[in-house]
1. When G47 is evaluated against the numbered criteria (1) of a type outside the set (D, E); (2) touching a strand residue (DSSP E or B) at 6+ places or on another chain (Cβ under 8 Å); (3) farther than 29 Å from R164 by Cβ; (4) in contact (Cβ under 8 Å) with a residue 12 or more places away in the chain, which criterion, by number, is the only one it fails?
2. Can you tell me which of A58, A89, A31 is at pLDDT 95 or above, surrounded by 14 or more Cβ atoms within 10 Å (Cβ to Cβ), under 24 Å from the mean Cα position of the chain (by Cα) and of a type in the set (A, V, I, L, M, F, W, C)?
3. Just the residues that are surrounded by 10 or more Cβ atoms within 10 Å (Cβ to Cβ) and farther than 22 Å from D66 by Cβ, please, taken from segment 147-161.
4. Looking only at residues that are within 10 Å of the ligand (Cβ to nearest atom) and of a type in the set (D, E, K, R) in segment 125-146, which one is surrounded by the most Cβ atoms within 10 Å (Cβ to Cβ)?
5. Could you run through segment 199-254 and say how many residues are exposed (fewer than 15 other Cβ atoms within 10 Å of the Cβ), over 18 Å from the mean Cα position of the chain (by Cα) and among the aliphatic types (A, V, I, L, M)?
6. Considering only segment 184-198, state which residues are surrounded by fewer than 16 Cβ atoms within 10 Å (Cβ to Cβ) and either closer than 25 Å to I227 by Cα or among the β-branched types (V, I, T) (or both).
7. With segment 102-204 as the region, which strands (runs of 3 or more DSSP E) entirely inside it contain at least 2 residues that are within 19 Å of A89 (Cα to Cα) and of a type outside the set (K, R)?
8. Which residue pairs have Cβ atoms closer than 6 Å, lie 6 or more positions apart in sequence or on different chains, and pair a first residue in segment 108-135 that is more than 21 Å from D147 (Cβ to Cβ) and of a type outside the set (A, V, I, L, M, F, W, C) with a second residue that is modelled with pLDDT of 95 or more and within 16 Å of the ligand (Cβ to nearest atom)?
Amino acid sequence: MTGIQNCIVFEPPFVVTHIMRGKNVVVLTGAGVSAESGVKTFRDNDGLWENHRIEDVATPQAWQADPKLVWKFYQARRRQMNEVEPNSAHVAIAKLESELDNFTLVTQNVDDLHERGGSSLVIHMHGRLQTLRCEKTEQTEHRMADDDLNDDYAYCNCCVNAHRMRPDIVWFGEMPMEMEEIYESVESCDFFIVVGSSGHVYPAAGMVNVAKSVGAHTILVNYEMPINGSDFDEIHLGKAGEILPKLVEDWLMR
Ligand SMILES: [Zn+2]
C-alpha cells in the first residue's frame, strides 16, 4: 500500500473493508472492462481504421458525408458482439447489483456485455451497438439478426415508408444519453466506483468530482495509474476481471 498524492493505492493482495449494504452505490465502467473480454477498438498499429481516424468516422458529419463508410465501421463492431463473452468483472458488477437495494450502473461501453453478465439495469451513456435508430422518428429497435449485420443499410419498422436507420451511438459532438438521471444518482451516492476507465476524461472526470463534492468515497479499479490519481480516495491497480470479484466479495461481507 503506497500513498500517491491524496489517494491510497492498493496492489494485490489487499483487504479493504467497506460496508456497502444499505448505501447508495454508483459504478461507472469504461473501455478497459470490455477490452478484457477481447472487444477490439478496430484501431491498427497506426491508430487508424482503414486509414481513417476513429474520431473522423464517429461523427454526425461523417454520417452525412459518407454514410456507407460509417455504416461499414459500425457493422463490423456490431458483428463482433457475437464473438465476445462477458468476463468476471461483468459478473462481479452484476452480483453487486443483485445484493444492493440502491445501485446504479453507468457504462461508457456500447456493447451488451453487462447485460449478458447478469446486470438488469444498465445506463448506456454512449448508446448501444445492438439497437439501431430510425433517422426520422428516432425510435430504436433491437436489430441483431443475421440480415441486420451485413453491410447493407437497415430500414425501420416504425414508418409507413421504411426509413434508413443509423447506429444508436452517441457520436463525437453529440450529447451523452441520460445525463440527468446519471447525475441524480451520483449526487446522492455514498460510493462512486470507476472500473476500467482512467476516470479523467470528460464526462467521467466530472462525475468523480460531483461524487467527491457530496462526500462520497471514490474508488478506481483500473489497469494503469491515471495522470492525476488524487480524485480518488482509493485506487486498485490491475485487471478488473482479476481483482474486482474479490473486492465485491469484501464489500458485500456481513
Ligand atoms: Zn421509422
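The values are calculated or read from the model by the stated rules, or taken from the named source; none is laboratory data. Since the structure is predicted, the reported quantities are computational estimates derived from the model, not experimental observations. Because the Cβ atoms are built from the backbone with ideal geometry, glycine has one as well, and the counts that use them run over all protein chains shown.
1. Of (1) of a type outside the set (D, E); (2) touching a strand residue (DSSP E or B) at 6+ places or on another chain (Cβ under 8 Å); (3) farther than 29 Å from R164 by Cβ; (4) in contact (Cβ under 8 Å) with a residue 12 or more places away in the chain, only one is false for G47: (4).
2. Numbers: A58 fails: at pLDDT 95 or above; A31 fails: at pLDDT 95 or above.
The unique qualifying residue is A89.
3. N157, C158, C159 - these are the residues of segment 147-161 that are surrounded by 10 or more Cβ atoms within 10 Å (Cβ to Cβ) and farther than 22 Å from D66 by Cβ.
4. Among those that are within 10 Å of the ligand (Cβ to nearest atom) and of a type in the set (D, E, K, R), it is R133.
5. Selection size over segment 199-254: 4.
6. Within segment 184-198, the first condition is being surrounded by fewer than 16 Cβ atoms within 10 Å (Cβ to Cβ), and the residues that meet it are 184, 187-188.
Scanning segment 184-198 gives a single hit, E187.
7. On the way: elements: 102-107, 122-124, 127-134, 140-142, 165-169, 191-195.
By residue number, 102-107, 122-124, 191-195.
8. G127/D168
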